[in-house]
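Since the structure comes first, as structure tokens, the remarks are kept for the end.
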Amino acid sequence: MTRPAPQKAVAGEPLFTGNDWDFDTIRRIHDACEAVAGPELGLSWYPNQIEIITAEQMLDAYASIGMPLFYKHWSFGKHFAQHEAGYRRGLMGLAYEIVINSDPCISYVMEENTATMQTLVIAHAAFGHNHFFKNNYLFKQWTDAEGILDYLDFAKSYITRCEERYGHQAVEQVLDAAHALMSQGVHRYPRKKRPDLASEQRRERERVEHGEQIYNDLWRTLPQKAGAAGTDHAAERRRALLELPQENILYFLEKVAPRLQRWQREILRIVRLVAQYFYPQRQTKVMNEGCATYVHYRIMNALSRDGRIGEAAYLEFLQSHTNVVRQPNFDERGYGGHNPYAIGFAMMQDIARIAENPTAEDRQWFPDIAGVGDGMEVLRDVWSNYRDESFIAQFLSPKLMRDMRLFHVIDDPDEPEMRVEAIHDERGYRKMRRSFAKAYDVAWLDPDIEVVDVDLDGDRRLILHHRALNRITLQAEDARRVLQHLADLWGYDVVMKEIDPATGDILAEHAMSARPIFF
């Protein structure tokens with residue numbers, strides 16, 4: 001929505017009465033939330049852009065992973081149909097908002113929301129999520145908020161042109177393969193330079209020329225028959241040119257897959273950069289939602305305190321907030337694991353309590369923050385410098401573990417009974433915290449797969465290794481399906497060995513051959 005000059009709100013004057021709202025109401029709500037978020041909470045954020053959308057548009061945003069200007073793909077239509085069927089039958093609700101990490105920060109809010117819910121979601125998304133996106137180190141390191149919207153526009157138009165020129169089916173085959181490898185299409189460690197998405201279109205030709213040069217150098221390193229010394233030298237040079245071992249499989253294919261055409265490489269790059277864009281969000285779900293929920297809770301309470309929302313609106317807010325942060329018990333029918341809103345909000349409240357009103361136990365466990373006095377200062381520092389795994393490992397308190405009745409259970413399939421591994425004592429608290437934090441560590445959640453070599457002396461077979469932590473191998477059928485997509489993109493045979501990193505033993509091996517569908 002285009003935002004005219006703001007009208008100054010009068011302190012103590014209600015922002016709205018009843019459930020109805022118009023665009024002037026939205027403007028007053030935004031300005032009132034801003035007056036709390038800045039002076040009282042000390043937040044900083046990107047400029048806000050608020051878009052009002054229908055329930056159907058929200059379903060569409062669900063299907064396309066919440067990205068505006070996104071390219072088309074059949075999987076998005078499938079997700080739309082699934083979500084729509086559940087929504088129409090009353091089996092699922094819709095998010096009240098979707099927020100985009102961009103500059104300006106775009107918040108999509110549903111037109112069906114009441115005035116109270118519009119206030120809640122603007123506080124939650126336009127200031128809570130917005131502050132987290134702008135200040136957390138992972139987003140600063142990995143994302144380009146200023147360039148993402150322009151890049152998505154470029155990506156959508158580029159794929160549309162490819163469909164017109166090469167055919168819908170040919171483009172869909174490349175996208176299917178790239179989406180299958182999307183989780184293995186990110187750099188997990190910082191590169192020399194963060195991607196500048198705004199300049200991607202201008203640099204497209206430069207990338208092609210560089211790729212052609214690397215391609216020629218690669219195939220000039222084919223081993224000769226002169227002897228073993230020459231072969232070793234060529235192999236070392238080959239691996240150096242290929243930057244092996246390489247964990248970012250989409251990056252590797254984009255740069256050196258020998259049979260891909262220029263437009264196919266560019267599509268791989270598009271999917272890879274989108275995957276990289278979402279990489280920080282995967283690591284900060286608890287913190288991001290906890291930050292936004294804590295911010296909206298503080299803002300809504302401040303608005304109630306100052307007479308900006310009435311008692312009926314405050315009760316409506318409390319009902320929605322309570323539903324969001326409710327943690328079902330493990331034996332309830334609706335239990336689906338830990339609710340990130342519940343864990344995040346509870347930890348934010350607990351950190352503020354430790355900073356402002358600590359107990360002796362808190363001072364022993366958290367000497368750096370206990371009793372510092374300003375809970376918001378501590379929280380702002382936490383939101384800037386941690387991700388879920390390190391956040392939980394550092395700040396999950398014994399009090400919160402007791403309040404949430406956390407315990408650590410080992411369910412070993414080789415043993416007849418489950419075993420309680422940690423209880424509420426000092427040793428148990430530390431073990432529970434480590435175990436709980438590990439559940440949010442992407443190093444444990446994602447398989448560690450690398451391209452290690454290419455058999456240029458023989459059939460140009462691509463060789464990958466999966467480091468199977470704790471000897472946990474991949475599901476064989478899923479591994480073969482994904483390897484088939486990888487083989488199709490590479491153009492030759494692919495083999496993946498699953499290796500125990502502790503002993504070097506090969507636990508399993510999968511091999512697939514390329515299908516002639518791309519060429």
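The values are calculated or read from the model by the stated rules, or taken from the named source; none is laboratory data. Remember, predicted model here, so these are calculated numbers, not experimental data. Heads up, the Cβs are rebuilt from the backbone with ideal geometry, glycines too, and the neighbour counts pull from every protein chain shown.
Points worth noting:
- Residue within segment 330-348 that is touching a helix residue (DSSP H, G or I) at 6+ places or on another chain (Cβ under 9 Å) and over 18 Å from THR284 (Cα atoms) present: no
- Residue match in segment 398-416 (condition: within 27 Å of the chain's Cα centre (by Cα), part of a loop (DSSP other than H, G, I, E, B) and either under 19 Å from ASN339 (Cα atoms) or modelled with pLDDT under 95 (or both)): yes
- Screening HIS296, HIS233 for residues that are modelled with pLDDT of 95 or more and in a helix (DSSP H, G or I) leaves exactly one candidate, HIS296.
- Residue in segment 195-202 that is closer than 21 Å to ASP150 by Cβ, modelled with pLDDT of 90 or more and surrounded by 14 or more Cβ atoms within 10 Å (Cβ to Cβ) present: no
- Filter result (within 13 Å of TYR297 (Cα to Cα) and out of contact with any Leu (no Cβ under 9 Å at 6 or more places or on another chain)) within segment 310-322: LEU315, LEU318, GLN319, THR322
- Residue match in segment 436-444 (condition: charged (D, E, K, R) and touching a helix residue (DSSP H, G or I) at 6+ places or on another chain (Cβ under 6 Å)): yes
- So ALA9, is it within 28 Å of MET300 (Cβ to Cβ), modelled with pLDDT under 90 and in contact with a Lys or Arg (Cβ under 7 Å, 6 or more places away or on another chain): yes
- Close pairs from segment 1-22: first on the phi > 0 side of the Ramachandran plot and surrounded by fewer than 10 Cβ atoms within 10 Å (Cβ to Cβ), partner of a type in the set (Asp, Glu) and modelled with pLDDT of 50 or more, Cβ under 9 Å, at least 6 apart: GLY12/ASP306
- Candidates TYR429, TYR440, filtered to the one that is touching a residue at least 12 places away in the same chain (Cβ under 8 Å), under 30 Å from ALA476 (Cβ atoms) and either part of a loop (DSSP other than H, G, I, E, B) or among the hydroxyl-bearing types (Ser, Thr, Tyr) (or both): TYR440
- Number of the condition not met by LYS140 [criteria: (1) farther than 28 Å from VAL286 by Cβ; (2) modelled with pLDDT of 90 or more]: (1)
Matching residues to (1) surrounded by fewer than 20 Cβ atoms within 10 Å (Cβ to Cβ); (2) charged (D, E, K, R); (3) assigned to a helix (DSSP H, G or I):
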residue: GLU243; (1), (2), (3): yes, yes, no
residue: LEU250; (1), (2), (3): no, no, yes
residue: LEU253; (1), (2), (3): no, no, yes
residue: LEU260; (1), (2), (3): no, no, no
residue: TRP263; (1), (2), (3): yes, no, yes
residue: ILE267; (1), (2), (3): no, no, yes
residue: VAL274; (1), (2), (3): no, no, yes
residue: TYR277; (1), (2), (3): no, no, yes
residue: PRO280; (1), (2), (3): no, no, yes
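- Filter result (under 25 Å from the mean Cα position of the chain (by Cα) and not in a helix (DSSP H, G or I)) within segment 343-386: TYR386
- Verdict on ALA422 being without any contact (Cβ under 8 Å) to a residue 24 or more places away in the chain and in contact with a helix residue (DSSP H, G or I) (Cβ under 8 Å, 6 or more places away or on another chain): yes
Yes/no matrix, rows are residues, columns are (1) surrounded by fewer than 20 Cβ atoms within 10 Å (Cβ to Cβ); (2) small (Gly, Ala, Ser); (3) modelled with pLDDT of 95 or more:
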site: ASP441; (1), (2), (3): yes, no, no
site: LEU445; (1), (2), (3): yes, no, no
site: ASP448; (1), (2), (3): yes, no, no
site: VAL452; (1), (2), (3): yes, no, no
site: ASP459; (1), (2), (3): yes, no, no
site: ARG471; (1), (2), (3): yes, no, no
site: ALA476; (1), (2), (3): yes, yes, no
site: ASP493; (1), (2), (3): yes, no, no
site: MET496; (1), (2), (3): no, no, yes
